[in-house]
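First comes the structure, then the notes that go with it.
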Amino acid sequence: MTAEDRLDEALSSDIVAFAASSEVRALVDTGDEIGDALSTWSLDAATRTRLFADALAMTSAPSINERLRAFGLDRRVQAIAGGAVVTCAAAAVSVAIAKGRRHAPTSPAALGV
Amino acid sequence: MAHRTPAELEAERLEILAAQRDRAAFAPLYERYVDQIHAYVYTLTHDMEQANDVTAATFAKAIEELPRFEWRGVPYSAWLYRVAGNLVSREHRRPGWIELEPRMLPDAGADPSLHAEANDRADSVRAAVAALPHDQRQAILLRFRGDLRNREIAEVMGRSEGAVKLLTFRALTALRQRLGAPLPAERLSRSGS
């Protein structure tokens, strides 16, 4: 087992650390001290809030749908799109009917038979 | 140092699920990790403005990626650390990067007269960590501030678990030589820490 393996085991288990050599225990103590020193790092409430606001601002580049929704345009766009679909459908039906009339055989009733 | 228990990890998984359904539920995750990420970035960069920018950018990416985030049974912080580390590397490659001398945040609310010795010692410890080579610094921060396991640290750093153990060993050996033994507990308790 290497020195770094022995240290790793001691860092992961208090029991192993207790039974470890003085050199390894010294490194574990240093590790504990580092953990304590680093854990005292904390941002004040104003900075936390500001950084969160900054993060949200970075994410707020809106998608096209969000932009439309923001301006209340999404319903209008939907209405326009819906109207366009209806218009196209009506045009298609009209063309179909017109073609049908041109090619349909004349009924006997129309000929007065 | 306490690694996350399975119950804590499960609680975090549920928090992320909640945040995926409702972005407002992301706030507890932000509150839990913002100090860690900020300390990590600051200790890597030695620059408060960069630390603020990179921290905000890390959480912006976290929010953006939230719908696509897939739980993999490791602390959410492992993913945040990786994002922050990548952003630092990207910033570092930019021209004009200036690395300032380490300066540490004041301990808000502390009475300098009562905490002077312990605070001086903590400052020395943080400065010694900040002076480590980049990869040793990263390994130490992820282990002792991020409470990550070796395999999680290895993933964040893009190294093997063996390499992480070696970096930790070398860093602690260097820090012990530089700092000596920690302050005795009775002196820390007398100074109010």
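Just so it is clear, none of the values below were taken in a lab; they were calculated from the coordinates. Everything quoted here is computed from the prediction, not taken from an experiment. Please note: Cβ atoms are built from the backbone with ideal geometry, for glycine as well, and neighbour counts cover all protein chains shown.
The calculated FRET efficiency for B:Asn86 paired with A:Ala92, based on their beta-carbon distance and R0 = 51 Å, is about 0.45. Cβ crowding within 10 Å, taken as a proxy for footprinting-reagent exposure, orders B:Arg178, B:Arg149 from fewest neighbours to most as B:Arg178, B:Arg149.
Per-residue mean of foreign Cβ neighbours for B:54-67 is 4 (Cβ atoms of other chains, 10 Å radius). Among the GluC sites (Glu not before Pro) within the stretch B:1-75, those in coil by DSSP and having at most 12 neighbouring Cβ atoms inside 10 Å are B:Glu70.
Residue by residue along B:29-37, Cβ atoms of other protein chains within 10 Å of the local Cβ number 3 on average. Shape of the stretch B:1-58 from the C-alpha gyration tensor: oblate (a/c of 1.5 or more and a/b not above b/c, with a ≥ b ≥ c the square roots of its eigenvalues). Per residue of peptide B:162-175, the mean number of Cβ atoms on other chains within 10 Å of the residue Cβ is 5.
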